[in-house]
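Below: one structure, written as structure tokens.
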Amino acid sequence: MMRRWLSGLVVSVLVASLIGASPSWATHPAETVGVTLGNAVGWESDPTRPAVLVRVPVSVERPLDRDLSVHWTVTAATAQEGVDFELTAPNPLVIRAGRTRGWITARILGDRELDSPLEDVNLGITSLELDGPSAYTVAIHPPRFSGGESFSGFGILDDDRSTGARLAVGDVVTTEGDLGSGKVLVPVTIFEPVPFPVRVDWSAGGLGSGSVVLRAGRTSVDITLFVTPNTTGSNELTRHVIAISTNTPGVSFGDQFGDLLILGDD
């Protein structure tokens, strides 16, 4: 009888413990997973060509066990929605369970007007929502930037140019992996050659300043910049603004400001 009673007691304890058991995510602190909004850049298209599609990455640090809804918004813009771009992504953006990336997409619309060399559309995450109980919590993490001026969202590079004896500094897009020794050439162009040399002074913020000479009859000369590649694990975009000026009579400006955009690839 004693043995039968003890067996019944053990079974009763096991059943009770099973009934009262909770899943591991309910008994242990949930792990926090970061969600980061990155950026992208695209060239403005011509009105006669199809619009350019840009994709801004939304990255999750690790795969989740539930679908994640990412609510987002435009926080600021120098470009005009409906004129310069159209947003095409759903809001909220849903990143399926097991995935680590989604995309906020937009179409860049074309025109033939001379705009700013780079127009920005800044995006931000307003809230995150998991589709049911999860072993994780989620949090908005800022992107990991290094140096220069950076943003979350997308940039629109203008491809229209003026004519005449006007100077313009170009826009350069490169990746850290393509930098090699860190040497970058930024073109300065005059739209119609002139029969005299043109001295062009330039400044690129933390990358330095100097001058180059556009020889008589030539239409372009390069500014040489040296950039130290980032090795801190950043996979985002860094922007450096290059400004030019000249005191040469008879020469004006088409684009006085250019952009060096470095895409992280770590």
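The values are calculated or read from the model by the stated rules, or taken from the named source; none is laboratory data. Values in this document were obtained by computation on a predicted structure and should not be read as measured data. Cβ atoms come from the backbone with ideal geometry, glycine included; neighbour counts cover every protein chain shown. Heads up: the accessible areas ignore ligands, DNA and RNA and are worked out on the full protein's heavy atoms, side chains in. Shrake-Rupley method; radii C 1.70, N 1.55, O 1.52, S 1.80 Å.
Ala89 meets each of the listed conditions (1) touching a Gly at 6+ places or on another chain (Cβ under 9 Å); (2) under 23 Å from Asp120 (Cα atoms); (3) open to solvent by 80 Å² or more (accessible area, probe 1.4 Å); (4) not in a strand (DSSP E or B) apart from (3). If I filter the range 22-75 down to residues being among the small types (Gly, Ala, Ser) and in a loop (DSSP other than H, G, I, E, B), which single residue comes out as modelled with the lowest pLDDT? Across the range 22-75, the extreme among qualifying residues is Ser22.
To keep it simple, each residue is scored yes or no on (1) closer than 30 Å to Asp84 by Cα; (2) modelled with pLDDT under 90; (3) open to solvent by 50 Å² or more (accessible area, probe 1.4 Å).
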site	(1), (2), (3)
Glu149	yes, yes, yes
Arg166	yes, yes, yes
Val173	yes, yes, yes
Gly177	no, yes, yes
Lys183	no, yes, yes
Glu192	yes, yes, yes
Val198	no, no, no
Ser209	no, no, yes
